[in-house]
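Engineer: Okay, here's the structure, questions in a sec.
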Amino acid sequence: MFEFCPSCGKKDIVPAGPKELYCNSCSFSYFHNVAAAVVAILELDGKVLLIRRAKDPGKGKLDLPGGFVDPKENAEEAIKREVREELNVDLESVNYIGSSPNIYEYKGVTYQTCDVFFYAPINAPPTDSDKREVAELLLMEPAEIPLDELAFVSTRTVLSRFVAARADHRRQ
Ligand SMILES: [Zn+2]
């Protein structure tokens, strides 16, 4: 990720474990820690709201609304902010449903994330989404979501559990 030490500028920085880079010249350590991210499963009349990504990574693929947690923000605040920014929808309450690791490649840097998933019902389809992030909005029956068209493995993992739970619910 770095070729030169960000502290002393020498070309002597080496990996030292799964998330540490270490400089043999000045002993500088950089920890590329796991980043917290948040994701929302929004449901309207039994359908799940998906977005088609307008930018990389995963441009053109399906995704759920979400993003990275900001400094000094909790996960609930983060998902409400992301949904407001992306979809112009205010969520009153969100329910934690699980988490899943993910890999996010951005401008040549690999970010390992821990994605925190929330569920929230919405009352109407969003009408004012951020076109820089969202190319298309789709409302889909859980069973009809094409899981292999999702941009990220974490979303595939948690959505497939959600779809299975909804299917069980219908059988009862
Ligand atoms: Zn150094």
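Readers should treat all values here as calculations from the given coordinates under stated rules, not as data from a laboratory. Quick caveat: nothing in here was measured; it's all calculated off a predicted structure. Glycine gets a Cβ as well: all are built from the backbone with ideal geometry, and neighbour counts include every protein chain shown.
Engineer: With +1 on each Lys and Arg Cβ and -1 on each Asp and Glu Cβ, and nothing else charged, work out how big the dipole of the chain is about its Cα centre, in Debye to the nearest 20. Write down the numbers at each step before the final one.
Structural biologist: Details: 21 positive and 27 negative charges, 85 e Å.
Using Cβ point charges on Lys, Arg, Asp and Glu, the chain gives about 400 debye.
Engineer: If the rule is a partner Cβ under 4.7 Å, which cysteines in the chain fail it?
Structural biologist: Cys114, each lacking another Cys Cβ under 4.7 Å.
Engineer: Now for a different question. Mind pulling the angle between the C-alpha long axis of helix 75-87 and the longest principal axis of the chain? Nearest 10 degrees, somewhere in 0 to 90.
Structural biologist: Rounded to the nearest ten degrees, it is 70.
Engineer: Now for a separate question. What list do you get for Met140, Met1 if you sort them by fewest beta carbons within 10 Å? If you can, show how the numbers build up before the last one.
Structural biologist: Numbers: Met140 13, Met1 10.
Neighbour counts put them in this order, fewest first: Met1, Met140.
Engineer: If you fit an axis through the alpha-carbon atoms of helix 153-171 and take the longest principal axis of the Cα set of the chain, what angle between them do you get, 0 to 90°, nearest 10?
Structural biologist: Helix 153-171 and the main axis of the chain meet at about 20 degrees.
Engineer: Just to be sure I understand the model, the point goes 7 Å from the Cα along the line to the Cβ. What's the resulting Ala143 to Asn88 distance in nm?
Structural biologist: Calculated label separation equals 3.5 nm.
Engineer: If we restrict to alpha carbons, what Rg and Dmax does the chain come to, in Å?
Structural biologist: Expressed in Å, the Cα Rg and Dmax of the chain come to 18.7, 65.
Engineer: Strictly over 27 Å apart at the Cα level, which of Lys47/Lys72; Lys11/Lys59; Lys11/Lys107; Lys47/Lys107; Lys72/Lys107 would you flag in this model? Please report the intermediate quantities before stating the final value.
Structural biologist: Numbers: Lys47/Lys72 33 Å; Lys11/Lys59 34 Å; Lys11/Lys107 21 Å; Lys47/Lys107 34 Å; Lys72/Lys107 25 Å.
The pairs that break the limit, which is 27 Å between Cα atoms, are Lys47/Lys72; Lys11/Lys59; Lys47/Lys107.
Engineer: Order these by the 10 Å Cβ neighbour count, fewest first: Ser27, Ser154, Ser7, Ser129. Numbers along the way, then the final one.
Structural biologist: Working: Ser27 10, Ser154 25, Ser7 14, Ser129 20.
Least crowded to most crowded, the residues run Ser27, Ser7, Ser129, Ser154.
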